[in-house]
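*Asks:* I have a structure here, written as structure tokens, and I will follow up with some questions on it.
Values in this text are rule-based calculations from the coordinates and carry no lab data. Here the structure is a predicted model, which means the values were calculated and not measured. Glycine also receives a Cβ, built like all others from the backbone with ideal geometry; neighbour counts cover every protein chain displayed.
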Amino acid sequence: MMKKILVLEDNFVTLEYITSIIQEIDTRNTVFMCSNVREAYQYVLEKDIDLFIIDIILDTSRPGDSSGLNFVDAIRKIDRYAFMPVIFVTSLEDARLYTYEKLHCYSFIEKPFDRNKLKELIKQCLNFPSVEKKGKTMYFRKDGIILAADREDIAYVECVNHVLYIHTIHGDLLSIPYVTLKKFLSDVDSDGFIQCSRSVVVNTDYIHNVDITNRVIQLKKQVGTVEIGIMYKKELRERFK
């Protein structure tokens, strides 16, 4: 399963190096490369991160800087990140006890680090069972009004003539102009939504039956059916075999 990893590191060379290790493990992984805390916080709020790799010292111009520790301390207060694995990458020798006892980090690796050791640590963290991520509310702007839909209530979406139609299990239909399926998939941030044709994305929680031969997906709760595009048959067959 694809995982999302946030790497917070002020040195761009090290940032790219760590990212290359993650991609070696599985190219399907998504890496959010951040060089500052503000950018990292944005991803924390908008995405469901599965692993954090954090440099403790993010501003070498400040004596005694420990911005990375403060960042993790802050995200630990967010329910879904309370126990999400964190790997600290740093040159500080005295931070180990604090990171283990106070911030519940998974591991601590000192610079200059061993590539194989870091790769093994990342593999271990990515093998952790994914935490069930519910409760995300999606917001859309239409004619100056903000519309909201709970992610778990969305049965499927379709894009027709540059308008995104969101079908919920409650029978509601939201129409949002100028939002593409690609943008929706990025914002929904869940492996539970899959594209089944050029114009339709389905929430797998509400799939009742997949008929590859007749290219039809029957949905639960009498939501209806959607068509499987010819180019998507192989992918769906693999996923639901």
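*Asks:* If you plug each phi of the range 51-64 into the Karplus form 6.51 cos²θ - 1.76 cosθ + 1.60 with θ = phi - 60°, what whole-Hz ³J(HN,Hα) values come out, in order, with x for Gly and Pro?
*Replies:* 7, 10, 10, 10, 8, 5, 9, 10, 9, 5, 7, 9, x, x
*Asks:* Still on this structure: Report the semi-axes of the equivalent ellipsoid for the range 4-126 in whole Å, largest first, where each axis is √(5λ) for an eigenvalue λ of the Cα gyration tensor. Before the final figure, lay out the partial values.
*Replies:* Numbers: eigenvalues 70, 58, 43 Å².
Semi-axis lengths for the range 4-126 are 19, 17, 15 Å.
*Asks:* I need to check one value: relative contact order of the chain, counting alpha carbon pairs closer than 8 Å and at least 6 residues apart, in percent. Let's see the in-between values first.
*Replies:* On the way: 379 pairs, mean separation 26.7, N = 241.
Averaging sequence separation for qualifying contacts and normalising by length gives 11 percent for the chain.
*Asks:* For VAL179, which sequence-distant residues (separation of 5 or more, or a different chain) have an amide H within less than 5 Å of its own amide H, given hydrogens modelled in the peptide plane?
*Replies:* The list, which skips near neighbours in sequence, is LEU164.
*Asks:* May I pose another question? Springs between alpha-carbon atoms under 10 Å, Gaussian network over the chain: tell me which of ASN203, ASN29, ASN116 tops the mean-square fluctuations.
*Replies:* Maximum fluctuation in the GNM of the chain, among the listed residues, is at ASN116.
*Asks:* Next question, about the same structure. Starting from the exponent 0.38 and prefactor 2.2 Å, build the expected Rg for the range 138-239 from its residue count and divide its actual Cα Rg by it.
*Replies:* On the way: Rg = 13.2 Å, N = 102, 2.2 N^0.38 = 12.8 Å.
Rounded to two decimals, the normalised Rg is 1.04.
*Asks:* Under the rule of at least 5 residues apart or a separate chain, name every residue whose amide H is placed under 5 Å from the amide H of LEU51.
*Replies:* Amide H neighbours of LEU51, under 5 Å, 5+ apart: LYS4, LEU6.
*Asks:* Which of the trypsin sites (Lys or Arg not before Pro) found in the range 1-34 are loop residues per DSSP with 13 or fewer other Cβ atoms within 10 Å of their Cβ?
*Replies:* Details: sites: LYS3, LYS4, ARG28; in loops: LYS3, ARG28.
Sites meeting the loop and neighbour criteria: ARG28.
*Asks:* In the range 30-76, if every C-alpha pair distance is counted and binned at 10 Å from zero, what percent goes to each bin?
*Replies:* P(r) over the range 30-76, rounded to whole percents: 24, 59, 15, 1.
*Asks:* Just from its helices, what would the mean residue ellipticity at 222 nm be for the chain, if runs of 4 or more DSSP H residues each count -39500 (n - 2.57) and the sum is divided by every residue, rounded to the nearest 500 deg cm²/dmol? Show your work: numbers first, answer last.
*Replies:* Details: 7 runs with 66 residues, N = 241.
Mean residue ellipticity at 222 nm (helix-derived): -8000 deg cm²/dmol.
*Asks:* For the range 144-241, run through the chymotrypsin sites (Phe, Trp or Tyr not before Pro) and keep only the ones in DSSP coil with at most 15 other Cβ atoms within 10 Å of their Cβ.
*Replies:* Working: sites: TYR156, TYR165, TYR178, PHE184, PHE193, TYR206, TYR232, PHE240; in loops: TYR178, PHE240.
Passing both the DSSP loop test and the Cβ count: TYR178, PHE240.
*Asks:* OK, next. Are there any helices in the chain, counted as whole DSSP H runs, that stretch 18 Å or more along their axis by Cα and score at least -1.0 on average by Kyte-Doolittle, and if so which?
*Replies:* Working: long enough: 12-25 (20 Å, 1.06).
Span-like helices here: 12-25.
*Asks:* Among (i) 17.4; (ii) 20.0; (iii) 20.5, which is the computed Kirkwood radius over Cα pairs in Å?
*Replies:* (ii)
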